[in-house]
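The values are calculated or read from the model by the stated rules, or taken from the named source; none is laboratory data. Computed from a prediction, not measured in an experiment: that's the story for all the values here. Because the Cβ atoms are built from the backbone with ideal geometry, glycine has one as well, and the counts that use them run over all protein chains shown. Side chains included, ligands, DNA and RNA excluded: accessible areas come from the protein's heavy atoms. Shrake-Rupley method; radii C 1.70, N 1.55, O 1.52, S 1.80 Å.
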Amino acid sequence: MTTPQALSALLRTEWPIIQAPMAGVQGSALAIAVSEAGGLGSLPAAMLSPEALEKELIALSAMARPWNVNFFCHRPPVPDEQREAAWRRALASYSAELGLDPAAASAAPARRPFDAAIADLVEPFRPPVVSFHFGLPSPELLARVKGWGSVVLSTATTVAEGRWLADHGADAVIAQGLEAGGHRGHFLSEDLTEQLGLAALVPQVAAAVRVPVIAAGGVADAAGVAAARALGAAGVQVGTAYLLCPEATTSAVHRAALASEAARHTALTTLFSGRPARGIVNRLMRELGPMNPVAPAFPLAGGALLPLRAAAEKLGRGDFSPLWAGQNVSGCRAVPAAEVTRALAAGLSPR
Ligand SMILES: Cc1cc2nc3c(=O)[nH]c(=O)nc-3n(C[C@H](O)[C@H](O)[C@H](O)COP(=O)(O)O)c2cc1C
């Protein structure tokens with residue numbers, strides 16, 4: 001087990017509190033606010049074009065504080081025309097209801113895995129921390145990232161993944177409990193029954209690896225941070241509790257859902273991207289079933305939903321939107337991210 005002090009020293013932050021990278025709902029503004037407050041702010045890069053990524057990296061590196069940039073490491077899918085067609089058929093009645101052309105194809109929101117071209121773009125900025133979701137990049141790419149001096153983090157959803165990450169070069173392991181909002185970070189097995197809740201996962205990963213363990217999933221306040229510490233985590237990574245902050249770009253329907261009773265019911269779903277992710281149960285999840293096998297492979301499922309999502313959101317409805325959230329929305333407050341960060345830090349034992 002390592003200490004919060006050791007993790008803070010590794011990350012060069014005041015506190016071992018990481019704002020989770022959250023693709024689609026935030027940019028550098030949230031990351032900068034958290035880093036300036038003494039935590040580690042994160043930029044999710046998976047859905048950014050190279051131009052947008054470069055702009056965000058310029059903004060982050062203007063700051064004297066450390067920051068994190070996050071990439072995905074999935075294998076791009078082989079498009080499957082039949083499955084795409086079946087998916088569009090499954091959505092046809094919704095298109096008709098909203099007066100949309102069911103055949104109108106929309107490209108899925110791009111989610112590009114980390115590759116050599118992105119490494120070329122990122123290298124001049126030498127990010128203090130680089131985190132990965134869905135495993136690690138190839139040994140050559142990982143050696144490049146470590147070679148330019150970045151501390152490397154990645155997510156584990158099982159003890160075996162935690163051990164694998166530590167053995168393959170992660171400087172710290174993010175133990176993502178089943179409570180967590182957004183995409184599951186699994187990469188060794190797709191069997192969701194192998195994944196553990198936070199209170200079971202953190203102590204077992206901490207016992208299995210020598211690097212610091214960062215608890216993620218359902219941590220929403222000082223008590224959650226103290227509990228994660230008691231379980232053997234050196235620090236925390238918190239996503240959902242930042243979603244209502246003014247620095248986040250969370251959409252109006254997503255904010256409304258987070259602030260409503262509906263947020264008490266989340267589920268894992270593959271409907272919005274093709275990979276399991278936790279979000280607030282909405283109409284699409286209720287009517288198609290959250291894990292419907294017709295949804296195309298990650299990240300292609302999202303394409304056919306885009307027109308539906310836009311049309312419903314115009315009417316103020318989140319029926320077809322991914323309303324990502326973890327199981328604990330009690331920390332969601334529309335207050336500056338610095339305030340959320342300080343409230344979490346109150347859960348750390350006196351340093
Ligand atoms: C809206 C949203 C988007 C997310 N996107 C990413 C992402 O792009 N990269 C990543 O590594 N994790 C992502 N996650 C997962 C977080 O890293 C983290 O595991 C999770 O937020 C922790 O659980 P909590 O939401 O209960 O705090 C996302 C989570 C949410 C809520």
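Against the condition touching a strand residue (DSSP E or B) at 6+ places or on another chain (Cβ under 7 Å), small (Gly, Ala, Ser), within 16 Å of the ligand (Cβ to nearest atom) and assigned to a loop (DSSP other than H, G, I, E, B), how does residue 46 come out, does it pass? Yes, satisfied. Residues in the stretch 153-167 that are surrounded by fewer than 22 Cβ atoms within 10 Å (Cβ to Cβ) and either in contact with a Pro (Cβ under 8 Å, 6 or more places away or on another chain) or closer than 22 Å to residue 266 by Cβ (or both): how many? Final tally of qualifying residues: 1. The sole residue among 25, 34 that is surrounded by 17 or more Cβ atoms within 10 Å (Cβ to Cβ), assigned to a helix (DSSP H, G or I), at pLDDT 95 or above and within 16 Å of the ligand (Cβ to nearest atom) is 34.
Among the residues of the stretch 170-187, those identified as in contact with a strand residue (DSSP E or B) (Cβ under 6 Å, 6 or more places away or on another chain) and farther than 16 Å from residue 269 by Cα are 170, 171, 172, 173, 174, 175, 176. Report yes if residue 192 is within 16 Å of the ligand (Cβ to nearest atom) and touching a residue at least 60 places away in the same chain (Cβ under 8 Å), otherwise no. Considered against the rule, which asks whether it is within 16 Å of the ligand (Cβ to nearest atom) and touching a residue at least 60 places away in the same chain (Cβ under 8 Å), residue 192 comes out as yes. Of 251, 273, which residue is under 25 Å from residue 43 (Cβ atoms) and either open to solvent by 10 Å² or more (accessible area, probe 1.4 Å) or in contact with a Ser or Thr (Cβ under 9 Å, 6 or more places away or on another chain) (or both)? Step by step, each of 251, 273 is checked, and only 251 is under 25 Å from residue 43 (Cβ atoms) and either open to solvent by 10 Å² or more (accessible area, probe 1.4 Å) or in contact with a Ser or Thr (Cβ under 9 Å, 6 or more places away or on another chain) (or both).
For the stretch 39-57, the criterion of being touching a residue at least 60 places away in the same chain (Cβ under 8 Å), more than 23 Å from residue 172 (Cβ to Cβ) and among the acidic types (Asp, Glu) is met by at least one residue.
Answer yes if at least one residue in the stretch 226-245 is within 10 Å of the ligand (Cβ to nearest atom) and in contact with a Ser or Thr (Cβ under 6 Å, 6 or more places away or on another chain), and no otherwise. Within the stretch 226-245 (the criterion being within 10 Å of the ligand (Cβ to nearest atom) and in contact with a Ser or Thr (Cβ under 6 Å, 6 or more places away or on another chain)), the answer is yes, since at least one residue qualifies. Taking each residue of the stretch 1-14 that is in a helix (DSSP H, G or I) and looking for partners that are among the acidic types (Asp, Glu) with beta-carbon atoms closer than 9 Å, six or more apart or interchain, yields 8/14; 10/171.
Residues in the stretch 116-136 that are within 14 Å of the ligand (Cβ to nearest atom), open to solvent by less than 20 Å² (accessible area, probe 1.4 Å) and farther than 16 Å from residue 18 by Cα: 134, 135.
Among the residues examined, residue 90 qualifies as touching a residue at least 60 places away in the same chain (Cβ under 8 Å), in a helix (DSSP H, G or I) and hydrophobic (A, V, I, L, M, F, W, C). When residues in the stretch 169-206 are screened for being in a helix (DSSP H, G or I) and over 27 Å from residue 12 (Cβ atoms), 6 of them pass. For the stretch 209-246, filtering for residues that are in contact (Cβ under 8 Å) with a residue 12 or more places away in the chain and farther than 23 Å from residue 266 by Cβ leaves 11. Can you tell me which condition residue 278 does not meet? The list is (1) more than 18 Å from the chain's Cα centre (by Cα); (2) open to solvent by less than 40 Å² (accessible area, probe 1.4 Å), and all the others hold. Failed condition: (1).
Across the stretch 68-115, the qualifying residues are those that are polar (S, T, N, Q) and away from the ligand (no atom under 14 Å from the Cβ), and the one among them that is most open to solvent (accessible area, probe 1.4 Å) is 82.
Inside the stretch 232-259, can you point out the residues that are farther than 26 Å from residue 348 by Cβ and not charged (D, E, K, R)?
The answer is 249, 250, 251, 252, 253, 254, 256, 257, 259.
This table checks each residue for (1) closer than 22 Å to residue 260 by Cβ; (2) open to solvent by 60 Å² or more (accessible area, probe 1.4 Å); (3) within 16 Å of the ligand (Cβ to nearest atom).
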position	(1), (2), (3)
300	no, no, no
303	no, no, no
308	yes, no, no
312	yes, no, no
315	yes, yes, no
318	yes, no, yes
324	yes, no, yes
331	yes, no, yes
344	no, no, yes
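Counting only residues that are under 12 Å from the mean Cα position of the chain (by Cα) and buried (at least 24 other Cβ atoms within 10 Å of the Cβ), the stretch 168-184 holds 6 of them.
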